[in-house]
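Report on the following structure.
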Amino acid sequence: MRRGRRLVGSRRDRVGVWAVLAVALALAGVVASVSRPLAPTLGATGGTLATFPAAVLEAVQAYRTPRYVVAGLATALGVLVPAVFVLTRRGRRRVAIWSGPAGDGPFAAGLIALRISVLTSLSLLPLAVHVGIVHDGRWGFRTRSVGGWFLDWSMRSAGRWLVVAVAAMLFVAAVRRWPTSWQYRLTVVGTVVAAVFVLLHPLVIQPLFLPTSPMEAGPQREAVAEVLARAGDPEVDLRVGAASLRTTRVNAVVTGLGPTQRMVVYDNLLDLPSEQIAGVVAHELAHQEHDDLLRGVALSASALLGAGLVLRWLLHRRGLQQRMSARTPGDARMIAVVLLAVALLELVGAPFANLVSRRAEAAADARAVELTRDPATLVATTRIFTVRDLSTPIAPGWARLLYGSHPSVTERIRYLEAWAEREGVELPTLADFAEAETARQHPAIGGELPGAVGGTRP
């Protein structure tokens, strides 16, 4: 009896250690998100530089409206497909068949998750084809061939299927092996995996879709060097990504952690004036200064712990177990419930995740204007996102909640106007900006019909 008591006590100690580690990581994630550099509040401005001509707004609406419809349908399907395997008798029967007569272990869970993930992806494929091939092709944003687009889709999908299947196997194995502490263990392990993924992303994943090369010497590099000098000459691995192989859009990103961190500027961006490229680099440099990727990894611990606690509650519902013909919380058939719950948690958590992202992006905008001291150039660059890439000045409320990871074009310009007013910097007029944009505006704004816009290979 004494030996049994010692074993129980030891087990409780192990659970306690993992619980403390998981809660500590989750709290660290919340603190990292809350206690971070923020854009100062500058108040309202009476500026008009966020105003766009009717022709621009009409083109934006014509391009963006179908994408909003498709995005909404894709979000709904992402929940409805896994729901079929939990809420319908035929779907539950299919899950039971996939698990086999005695297949209630991790391998069976991986196969079930793989099948549901593949079916979800295939259900979304027509929508992805419409947006990525047909719609973006007609509007001249796609430069990738149809075959190349399908190759990209296949590679991304296969990677996602593999991750889902392996994660399902590990999840069920953990639930069965550690029935009282799996949610804490998986929080810790999942956070470490997230950190490793971000660390290796620029070395393993990014080269598959965005090959890069160092930025060559020249006026653009000199303009960037001036910004870096104002920031104290931080170590920056600055690269140019071959985005033009797939799109005409402009962008830049920071990826990696520590020794692997790099800043990638899309080669399409090099068509802009050097000072605008420097402004974009200043924004990305701010993300590096603020450790935004590391903060994101830390915050993933909070999401993992919250999801783990919800999943634990669900898996122990006897009604759900009986509905899925499962014998225990760690039965492979319960993985269908897990996939549906994760899809719903992602949907519910999207507004919060986007709010966190918008705060980080707004802080990067604020740091960029402090570094460049050139709000006029930053306004011009921000307006390019609308007149060239047809970004919505102000997205619909529901789209902002679900997909709004950045402040709107209007919000960003108004912040720059308010900063210029505070610092006494005189900005060009709206007419000046509009005149300078004429050469770079999207062809549809000039009257060319979608489908006549060049640049898309069949």
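Coordinate-derived values only; no laboratory data. In this text, all values refer to a predicted model and were calculated from it rather than measured experimentally. When we count neighbours, we look across all protein chains shown, and the Cβ atoms used for this are built from the backbone with ideal geometry, even at glycine.
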Query raised in the report: Once phi is turned into ³J(HN,Hα) by the Karplus curve 6.51 cos²θ - 1.76 cosθ + 1.60 with θ = phi - 60°, what whole-Hz value does each residue of segment 42-47 show in order, with x for glycine and proline?
Result: 10, x, 6, 10, x, x
Query - Paramagnetic label zone (point 7 Å from Cα along Cα-to-C-beta, Leu80; backbone N under 12 Å) in segment 91-133 - result: 123-124
Query - Segment Leu355-Ile394, extension gain: residue separation times 0.36 nm, minus the distance between their alpha carbons - result: 12.5 nm
Report summary line: Everything considered on the Cα gyration tensor (a ≥ b ≥ c; rounded for a/c under 1.5, else prolate if a/b is larger than b/c, else oblate), segment 23-132 must be described as oblate
Query raised in the report: Spin-label point model (7 Å from Cα, Cβ direction): what's the Val34 to Val163 distance in nm?
Result: 2.9 nm
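Which helices of the chain meet both criteria: a Cα extent of 30 Å or more along the helical axis and a mean Kyte-Doolittle score no lower than -0.5, with helices taken as whole DSSP H segments?
Answer set is 2-34, 54-87, 106-129, 146-177, 182-204, 292-315, 335-372.
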Query - Farthest toward positive dipole pole in segment 346-456 [+1 Lys/Arg, -1 Asp/Glu at C-beta], among Ala399, Ala376, Ala418 - result: Ala399
Requested in this report: Among Leu199, Gly232, Val175, flag the residue with its Cα farthest along the positive direction of the charge dipole of segment 168-245, charges on Cβ as +1 for Lys/Arg and -1 for Asp/Glu.
Outcome: Val175
Query raised in the report: Which residue, chosen from Leu127, Thr438, Leu344, occupies the Cα position most advanced towards the positive end of the dipole of the chain, where the dipole is computed from +1 (Lys, Arg) and -1 (Asp, Glu) charges on Cβ about the Cα centre?
Result: Leu344
Query raised in the report: Using 1/(1 + (r/R0)^6) with R0 = 51 angstrom and r between the beta carbons of Glu235 and Val129, what's the FRET efficiency to the nearest 0.05?
Result: 0.75
Query - Built amide H within the under 5 Å cut-off of Arg142, gap 5+ - result: Gly137
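Which peptide among 158-165, 240-247 comes first, and what is the full order, when sorted by highest mean count of other Cβ atoms within 10 Å?
Listed from highest to lowest mean packing, they are 240-247, 158-165.
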Query - Distance-filtered residues of segment 80-121 - backbone nitrogen under 12 Å, label point 7 angstrom along Arg177 Cα→Cβ - result: 106
Report summary line: Here the FRET efficiency for Leu87 versus Thr41, based on Cβ atoms and R0 = 51 Å and rounded to 0.05, is 0.65
Query - Whether segment 178-293 is rounded, prolate or oblate, judged on the alpha carbon gyration tensor where a/c under 1.5 counts as rounded - result: prolate
Query raised in the report: With contacts defined as alpha carbon pairs under 8 Å and 6 or more residues apart, what's the relative contact order of the chain in percent?
Result: 28 percent
Report summary line: Here the relative contact order (percent) of segment 343-450, from C-alpha pairs under 8 Å and at least 6 apart, is 35 percent
Report task. Quick one: which residues, 5 or more positions from Arg36 or on another chain, have an amide H under 5 Å from its amide H? H modelled 1.01 Å from N in the peptide plane, none for Pro or chain starts. Result -> none
Report summary line: A student applying the Cα gyration tensor rule (rounded when a/c is under 1.5; otherwise prolate if a/b is larger than b/c, oblate if not) would label segment 344-398 oblate
Report summary line: Non-local residues with an amide H under 5 Å from the amide H of Arg388, with H modelled 1.01 Å from N and Pro and chain starts lacking one, are His442
Report summary line: segment 208-250, convex hull of Cα, quarter of hull surface, nm² -> 3.8 nm²
Report summary line: A correct Karplus calculation of ³J(HN,Hα) over segment 395-403, with 6.51 cos²θ - 1.76 cosθ + 1.60, θ = phi - 60°, whole Hz and x for Gly and Pro, returns 6, x, x, 5, 5, 4, 5, 8, 10
Report task. Just tell me the longest site-free run in the chain, where the sites are GluC sites (Glu not before Pro) in a DSSP loop having at most 15 other beta-carbon atoms within 10 Å. Result -> 1-215
Query - Kirkwood-Stokes translational diffusion coefficient of segment 260-309, alpha-carbon pairs, 25 °C, 0.890 mPa s, µm²/s - result: 188 µm²/s
Report task. For Leu200 and Gln322, compute 0.36 nm times the residue count separating them, minus their Cα-Cα distance, and round to one decimal in nm. Result -> 39.7 nm
Query raised in the report: Quick one: Karplus J couplings for segment 253-264, per residue in order, coefficients 6.51, -1.76, 1.60, θ = phi - 60°, nearest Hz, x for Gly and Pro?
Result: 9, 10, 9, x, 9, x, x, 9, 5, 8, 10, 10
Query raised in the report: What distance in nm separates the simple spin-label points at Glu423 and Arg156, each placed 7 Å from Cα in the Cβ direction?
Result: 3.6 nm
